[in-house]
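Asks: Just dropping this structure here.
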There are 2 protein chains.
Amino acid sequence: MGTAALEDLARRVRAASREVARASSAVRDEFLRAAADLLVADTAVVLEANLADVERGERDGLDQTSLDRLRLTERRVEQMADGLRAVAALGDPVGEVVDGWVRPNGLRVERVRVPLGVVGIIYENRPNVTSDAAGLCVKAGNAAFLRGSSSALGSNRAVVAVLRRALSKTGLPEDAVALVEDTSHETAVAFMKLRGLVDCLVPRGGKALIASLLEHATVPYVLDGDGNCHVYVDASADVDMAEAIVVNAKTQRPGVCNAAETLLVHADVASRLLPRLARSLADVELVADERARAHLPVSTPVTEADFATEFLALKLAVAVVDDLDAAIDHIARYGSGHSEAIVTRDVASADRFVREVDAAAVLVNASTRFVDGGELGLGAEVGISTQKLHARGPMGPRELTCVKWVVRGEGHVRR
Amino acid sequence: MGTAALEDLARRVRAASREVARASSAVRDEFLRAAADLLVADTAVVLEANLADVERGERDGLDQTSLDRLRLTERRVEQMADGLRAVAALGDPVGEVVDGWVRPNGLRVERVRVPLGVVGIIYENRPNVTSDAAGLCVKAGNAAFLRGSSSALGSNRAVVAVLRRALSKTGLPEDAVALVEDTSHETAVAFMKLRGLVDCLVPRGGKALIASLLEHATVPYVLDGDGNCHVYVDASADVDMAEAIVVNAKTQRPGVCNAAETLLVHADVASRLLPRLARSLADVELVADERARAHLPVSTPVTEADFATEFLALKLAVAVVDDLDAAIDHIARYGSGHSEAIVTRDVASADRFVREVDAAAVLVNASTRFVDGGELGLGAEVGISTQKLHARGPMGPRELTCVKWVVRGEGHVRR
């Protein structure tokens with residue numbers, strides 16, 4: 001696909017986005033429900049396309065984790081449909097009057113939430129992202145311009161075909177959901193440069209994708225970055241609570257961005273907490289600093305690199321710190337600005353941690369695993385932003401909108 | 001200045017930003033008032049430095065507009081001080097609880113407004129931006145990292161010296177306001193790549209600066225872009241009102257981004273409005289399409305390029321359109337997403353224009369010139385964003401903040 005063909009497609013998606021923006025929320029929600037029904041009805045077609053992708057992946061030597069992410073089942077297709085229905089049931093962010101006032105001269109000012117326009121998503125081999133992301137985009141009045149990976153191309157094509165039939169059935173333009181079928185690196189780069197045609201790009205992928213985006217993108221983007229998350233156990237912490245939170249944050253689902261990667265323990269509580277954790281984290285590889293190792297029978301010395309690494313595995317870095325300041329400094333140095341938790345009984349420690357730790361989410365006496373659109377009440381998420389501009393933390397439908405100033409006068413002119 | 005020296009300075013500014021973020025609004029406002037007082041007290045020093053810049057500019061053949069923007073007077077310094085005092089009087093955006101709720105499991109969720117951290121400003125030869133921008137940054141709990149132009153270097157140095165003394169006097173770190181004194185292009189590019197050290201970059205300059213930013217920046221930015229603004233006069237418009245608004249939007253201050261550049265007139269009102277405008281816009285060069293020229297004695301044919309140009313001068317493109325759709329399509333094609341106005345008596349036309357025109361600000365029966373932080377009630381502005389992400393339209397102190405999720409539990413773990 002040449003750049004001209006990509007731009008042509010983008011222009012069609014852009015034209016479609018204007019129609020989606022004008023559609024009522026009733027129509028947009030009807031699309032979501034129709035898509036859910038069609039997806040279930042077409043399960044066999046989707047699974048057949050997916051099986052071909054999986055078999056090709058196996059032949060090409062794709063690793064087991066990637067194959068797991070790629071593979072759809074009847075149950076997973078049902079979950080995709082349920083996801084679309086859940087998004088349909090959410091409130092509509094479009095049209096919300098964010099604030100408004102009247103100026104001394106009588107000029108009436110409002111800021112109103114409106115769709116972004118065309119939302120681009122570049123993502124890797126999970127075909128469920130196709131329906132999740134497209135659903136959220138249309139929910140918020142946008143067109144979805146999708147570029148998935150080559151390994152999932154057949155699956156993505158099948159899901160997009162269903163979504164486009166649902167659009168058509170609801171009276172919305174089919175190009176409101178479009179898939180870029182050329183999965184070459186060159187086309188991904190051209191996609192990142194569709195300034196004026198793509199209003200917001202949300203990358204969902206690894207470090208290579210982010211690096212490419214920082215180098216090439218001229219379209220605005222929201223980064224869904226790494227989660228190098230910490231749990232800090234304060235001197236005053238309830239040790240039972242601390243143990244439960246650390247175990248949950250590390251082991252409940254270690255391969256995701258909101259899992260904890262480093263445990264920081266106040267020196268006063270280390271001798272009580274760490275031996276217990278050594279037992280309850282028996283399946284976890286512990287790398288620890290010298291003071292922590294005194295309380296951890298099985299552990300190896302931690303390195304600077306460990307502190308800077310998002311393991312995404314059953315591995316935990318552990319360090320003993322002298323006080324809250326040392327914990328805050330450690331997080332400022334190594335954290336990725338995702339999710340940071342403190343376990344404490346002390347109000348002053350909780351307040352300082354909340355105020356001084358610079359991250360998308362700070363948690364007091366709760367597992368980092370809660371930092372997720374569903375768990376925090378957004379209903380669904382298009383990703384978790386680790387940047388500060390526009391959206392920070394879990395992004396729901398509202399984060400796929402922007403504001404417009406609406407100013408009303410009666411012939412007002414400026415003096 | 002090598003990249004290493006720039007990064008060193010950025011690290012100092014970053015460290016200072018953490019102290020500003022912790023400072024109470026009382027302290028930040030005290031800084032703003034102290035800076036205002038010191039600026040007035042030091043007027044002679046600032047003016048002397050400015051005179052040297054102006055004389056150098058004259059020797060270097062700087063054009064008259066640039067010299068005007070560069071030149072400070074006692075009155076202008078007073079206005080800079082007044083600006084700082086006005087910002088001190090504004091409400092503090094930091095700490096605002098944007099929203100919050102309790103999850104079914106008892107987890108308490110809040111989104112709280114927090115400073116961005118380090119705000120970078122790259123700007124051209126207006127020395128008043130130095131105090132305006134730095135004041136707004138510190139107001140919102142940020143450090144200001146400034147990179148002005150070579151032509152204003154002496155003036156900027158003098159103003160920054162005053163601001164740093166005011167910081168010091170208020171107990172805030174001097175590095176909360178820092179000026180990059182190397183004004184080379186290489187250093188500007190290095191500045192745009194200070195990812196992880198600069199949280200948000202606000203460029204205030206022309207097309208070359210924006211192009212450079214799109215090519216080089218890895219730091220997040222908010223674009224203060226062009227204003228190719230339109231006034232559309234609907235069939236039902238009050239002709240007196242339309243005339244007043246068009247004259248105001250074009251001539252009240254033609255060199256700024258919220259001035260109108262193109263007038264679109266509904267065919268039904270062209271014969272009544274255009275001859276009157278020909279008289280009231282006698283000082284304005286009119287370029288018009290064929291149908292408009294039938295009613296405009298002195299005008300030349302308009303080109304595609306004219307429609308796409310932000311004249312920033314007493315020049316106006318004029319076109320007659322058949323209906324509202326044609327006006328909306330014209331604006332979608334040529335507009336820069338800044339400010340777009342309709343003059344109408346018809347509710348349906350006003351509603352459609354407001355809904356369907358995609359711009360930072362849409363105005364009904366009011367001059368585009370109102371799209372300005374002061375006029376719309378923000379108290380002050382750091383620029384007018386023409387992008388959709390994070391901030392759109394006039395940016396006040398609130399747009400120099402972001403949100404942080406604060407999640408509180410009582411030992412909550414995820415099942």
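Quick note: the coordinates plus some simple rules give every number you see, no bench work behind them. Keep in mind it's a predicted model, so treat the numbers as computed, not measured. In this analysis, Cβ positions are derived from the backbone assuming ideal geometry, glycine residues included, and neighbour counts consider all displayed protein chains.
Asks: Report the extension gain between residue B:73 and residue B:55 in nm, rounded to one decimal, defined as 0.36 nm multiplied by the number of residues separating them, less their alpha carbon distance.
Replies: Numbers: separation 18, 0.36 × 18 = 6.48 nm, distance 1.41 nm.
Separation in residues times 0.36 nm, less the Cα-Cα distance, equals 5.1 nm.
Asks: Using alpha carbons only, how many degrees (0 to 90, rounded to 10) separate the axis of helix B:43-59 from the longest principal axis of chain B?
Replies: Roughly 60 degrees, rounded to the nearest 10.
Asks: Quick one: angle between helix B:128-139 and the longest Cα principal axis of chain B, in degrees between 0 and 90, rounded to 10, please.
Replies: Roughly 60 degrees between the two axes.
Asks: With a 10 Å Cβ neighbour count serving as the proxy for reagent exposure, in which order, fewest first, do A:245, B:122, B:384 appear?
Replies: B:122, B:384, A:245
Asks: Still on this structure, please answer the following. For a quick check: sort A:257, A:229 by the number of other beta carbons within 10 angstrom, fewest at the front.
Replies: Ranked by crowding around the Cβ, least crowded first: A:257, A:229.
Asks: Report the full-extension gain for the segment residue B:346 to residue B:308: residue separation times 0.36 nm, less the Cα-Cα distance, to one decimal in nm.
Replies: That works out to 10.9 nm of additional length.
Asks: Would you be so kind as to identify which of A:320, A:249, A:107 lies farthest towards the positive end of the dipole of the protein assembly as shown, taking Lys and Arg as +1 and Asp and Glu as -1 on Cβ and the Cα centre as origin?
Replies: Going by the charge dipole, the pick is A:107.
Asks: In addition: Quick one: what are the phi-derived ³J(HN,Hα) couplings along segment B:202-207, Karplus 6.51/-1.76/1.60 with θ = phi - 60°, whole Hz, x for glycine and proline?
Replies: My calculation for segment B:202-207 gives 10, x, 10, x, x, 4 Hz in order.
Asks: Here's another thing I want to ask about it. Extending each Cα 7 Å along its Cβ direction at residue A:285 and residue B:63, get the distance between those two points in nm, one decimal.
Replies: Between residue A:285 and residue B:63, the label points sit 6.3 nm apart.
Asks: Using the Cα atoms of segment A:1-148, I'd like the radius of gyration and the largest Cα-Cα distance, Dmax, both in angstrom.
Replies: Radius of gyration, then largest Cα-Cα span, for segment A:1-148: 19.3, 71 Å.
Asks: Taking H as built 1.01 Å from N, whose amide H comes closer than 5 Å to the amide H of residue B:121, not counting residues under 5 places away?
Replies: Here the answer is B:145, B:146, B:147, B:202, since their amide H atoms fall under 5 Å of that of residue B:121.
Asks: Here's something else I'd like to know. Using only the Cα atoms of chain B, build the gyration tensor, take square roots of its eigenvalues as a ≥ b ≥ c, and label the shape rounded, prolate or oblate: rounded if a/c is under 1.5, else prolate if a/b is larger than b/c, else oblate. Mind showing how you got there, number by number?
Replies: Working: a/c = 2.17, a/b = 1.41, b/c = 1.54.
Judged from the Cα gyration tensor, chain B comes out oblate (a/c at least 1.5, b/c at or above a/b).
Asks: Continuing with the same structure: For segment A:346-383 and segment A:139-207, write down the distance between their C-alpha centroids in whole Å.
Replies: 31
Asks: Kindly flag which residue pairs out of A:193/B:388; A:207/A:388; A:193/B:193; A:207/A:404 have an alpha-carbon separation exceeding 22 Å in this structure. Walk me through the intermediate numbers first.
Replies: Details: A:193/B:388 16 Å; A:207/A:388 18 Å; A:193/B:193 18 Å; A:207/A:404 33 Å.
In this structure, A:207/A:404 lie more than 22 Å apart at Cα.
Asks: State, to one decimal in nm and shortest first, how far the label point of residue B:347 sits from each corresponding label point in the other identical copies (label point: 7 angstrom along Cα-to-Cβ).
Replies: Spacings between copies for this position, smallest first, are 5.3 nm.
Asks: With the label 7 angstrom out along Cα to Cβ, how close does residue A:96 come to the same site in each of the other copies, in nm, nearest first?
Replies: Result, one decimal in nm: 1.4.
Asks: Let me ask something else about it. Take the rotation relating chain A to chain B, measure from its axis to every Cβ in chain A, and name the nearest residue with the distance in whole Å.
Replies: In chain A, the Cβ lying nearest the symmetry axis toward B is A:390, 2.
Asks: Right, here's the next one. How many percent of Cα pairs in segment B:229-374 exceed 27 Å?
Replies: When every Cα pair of segment B:229-374 is considered, 8 percent fall beyond 27 Å.
Asks: Report, to the nearest 10°, how far helix A:239-251 tilts away from the longest principal axis of the Cα atoms in chain A, using its own Cα long axis and a range of 0 to 90°.
Replies: For helix A:239-251, the angle is close to 50 degrees.
Asks: Whose amide H sits under 5 Å from the amide H of residue B:360, counting only residues 5 or more places off or on another chain, with H placed in the peptide plane?
Replies: Counting only residues 5 or more places away or on other chains, the set is B:338.
Asks: How far apart, in nm, are the 7 Å Cα→Cβ label points at residue A:24 and residue B:193?
Replies: Between residue A:24 and residue B:193, the label points sit 5.4 nm apart.
Asks: Next question. Tell me which lysines have Cα within less than 20 Å of residue A:250's Cα, excluding those fewer than 8 residues away on the same chain?
Replies: A:315
Asks: I would also like to ask the following. Kindly give the distances from residue A:58 to its copy-mates, label point to label point, with each label point 7 Å from Cα along Cα→Cβ, as nm values to one decimal ordered shortest first.
Replies: Here residue A:58 shows inter-copy label distances of 8.4 nm.
Asks: If a/c stays under 1.5 just call it rounded; otherwise compare a/b with b/c (prolate if a/b is bigger, oblate if not). Do that for the protein assembly as shown, with a ≥ b ≥ c from the square roots of the Cα gyration tensor eigenvalues.
Replies: oblate
Asks: Let me ask something else about it. Per DSSP helix of 4 or more residues, -39500 (n - 2.57); summed, then divided by the residues of chain B. What does that give at 222 nm, rounded to the nearest 500?
Replies: -13500 deg cm²/dmol
Asks: How big is D, in µm² s⁻¹, for segment A:155-205 by Stokes-Einstein at 4 °C and 1.567 mPa s if Rh is the Kirkwood radius over C-alpha pairs?
Replies: 103
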